[in-house]
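Q: Have a look at this one before I ask anything.
The values are calculated or read from the model by the stated rules, or taken from the named source; none is laboratory data. Nothing here was measured: the structure is a model prediction, and the numbers come from that model. Glycine also receives a Cβ, built like all others from the backbone with ideal geometry; neighbour counts cover every protein chain displayed.
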Amino acid sequence: MPKTFFADNNTLNLWLRATPYAPPAQTYLGLYTVAPTPAGGGTEVAGNGYVRVAITFLPPSNGQAASMADVVFPVCIIADWTTVVAFGVFDSISGGNLLYFANLSSSRYVAVNDQIKFPAGQIIATEQ
């Protein structure tokens, strides 16, 4: 899963310039209807019951860390979220900074009463 320039720059500063970076106490998974890029951007789902969901990762091994538990988004209410094409890992439940992102293997239309779930181990952040 690619990192954003924000995450890249903090990693480079930490390792190559000894510039501290305070990592977030909690990370959150968000969904996109237009995929972001390393520069950020994209269009995050908004409204109709949508909120970012806390995500926790297992200790890294061989340059990657997998999600520890199922990540379950709230049920879509009132109106459709439309087509979800990507997801991202953020350092805040709202606003904040996008750290990692990836496209879904296949886009998914989310209608009222639908719910998106990522099983444990399905979200994998990499440093390769």
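Q: From the residues in the stretch 11-22 that are assigned to a loop (DSSP other than H, G, I, E, B) and at pLDDT 90 or above, which one is surrounded by the fewest Cβ atoms within 10 Å (Cβ to Cβ)?
A: Filtering first and then ranking leaves ALA18.
Q: Take the stretch 97-121 and flag every residue that is within 12 Å of LEU29 (Cα to Cα) and either surrounded by 13 or more Cβ atoms within 10 Å (Cβ to Cβ) or in contact (Cβ under 8 Å) with a residue 60 or more places away in the chain (or both).
A: The answer is ASN97, LEU98, LEU99, TYR100, PHE101, ALA102, ILE116, PHE118.
Q: Would you check which residues across the stretch 23-36 are at pLDDT 95 or above and not hydrophobic (A, V, I, L, M, F, W, C) and list them?
A: Within the stretch 23-36, GLN26, THR27, TYR28, GLY30, TYR32, THR33, PRO36 qualify.
Q: Given the conditions (1) surrounded by fewer than 19 Cβ atoms within 10 Å (Cβ to Cβ); (2) more than 15 Å from PRO2 (Cα to Cα); (3) touching a Gly at 6+ places or on another chain (Cβ under 6 Å), which single one is not true for CYS76?
A: (1)
Q: Look at the stretch 71-128 and say how many of its residues are part of a strand (DSSP E or B) and not hydroxyl-bearing (Ser, Thr, Tyr).
A: Total satisfying the criteria: 21.
Q: Can ALA46 be described as outside any strand (DSSP E or B), under 17 Å from the mean Cα position of the chain (by Cα), free of Cβ contacts under 8 Å to residues at least 24 places away in the same chain and farther than 16 Å from ALA125 by Cα?
A: In short, yes.
Q: If you check ASN62, ASN113, ASN103, which single one turns out to be at pLDDT below 95 and not charged (D, E, K, R)?
A: The match here is ASN62.
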